[in-house]
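Reading through the structure tokens given below for one structure.
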Amino acid sequence: MKQLLEDCPFCASQQLHIVQGLLSQRVVCRVCNAQGSRQKDALQAVNAWNRVSHELTLARRIETRQMVRELVAARY
């Protein structure tokens, strides 16, 4: 089964690749050069990247909702 990479959480690019080091691998965005954490294998690198991407996306949604609530409260 092929593991899919989530878009870059910083620039929304889909131009991602896995960089192999001597003892580790990580996901790197080719557009903004964002880098995932070093992991023992490619699957772990992809999972770590996707986890961070999901967490940052969720945090941005929460932040946006809070800003909207504050704007609405300030109008009334």
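Scan segment 22-76 for trypsin sites (Lys or Arg not before Pro) in coil per DSSP, keeping those whose Cβ has at most 15 other Cβ atoms within 10 Å, and list them by number.
Hits after loop and neighbour filter: ARG30, ARG38, LYS40.
How far apart, in nm, are the 7 Å Cα→Cβ label points at ARG69 and GLU55?
My value for the distance between the label points is 2.2 nm.
Compute the accessible area per residue over the chain, keeping the other protein chains in place, probe 1.4 Å, unit Å².
80 Å²
About its Cα centre, how strong a charge dipole does the chain have in debye, to the nearest 20, once Lys and Arg get +1 and Asp and Glu get -1 at the Cβ?
Details: 11 positive and 6 negative charges, 12 e Å.
For this selection, approximately 60 debye.
Using all C-alpha to C-alpha distances in the chain, build P(r) with 5 Å bins and read off the rounded percent in each one.
3, 16, 21, 19, 13, 8, 7, 5, 4, 3, 1, 0
Ignoring ligands, DNA and RNA, please state the percent of accessible area on the chain from carbon and sulfur, probe 1.4 Å.
53 percent
Kindly express, to the nearest 10 degrees and within the range 0 to 90, the angle between helix 42-75's C-alpha long axis and the longest C-alpha principal axis of the chain.
Approximately 10 degrees, to the nearest ten.
The values are calculated or read from the model by the stated rules, or taken from the named source; none is laboratory data. Predicted, not measured: the structure shown is a model, and the values here were computed from it. Neighbour counts are summed over all protein chains in view; Cβ atoms, including those assigned to glycine, are modelled from backbone coordinates with ideal geometry. Surface accessibility is based on the protein's heavy atoms, side chains included, excluding ligands, DNA and RNA. Shrake-Rupley method; radii C 1.70, N 1.55, O 1.52, S 1.80 Å.
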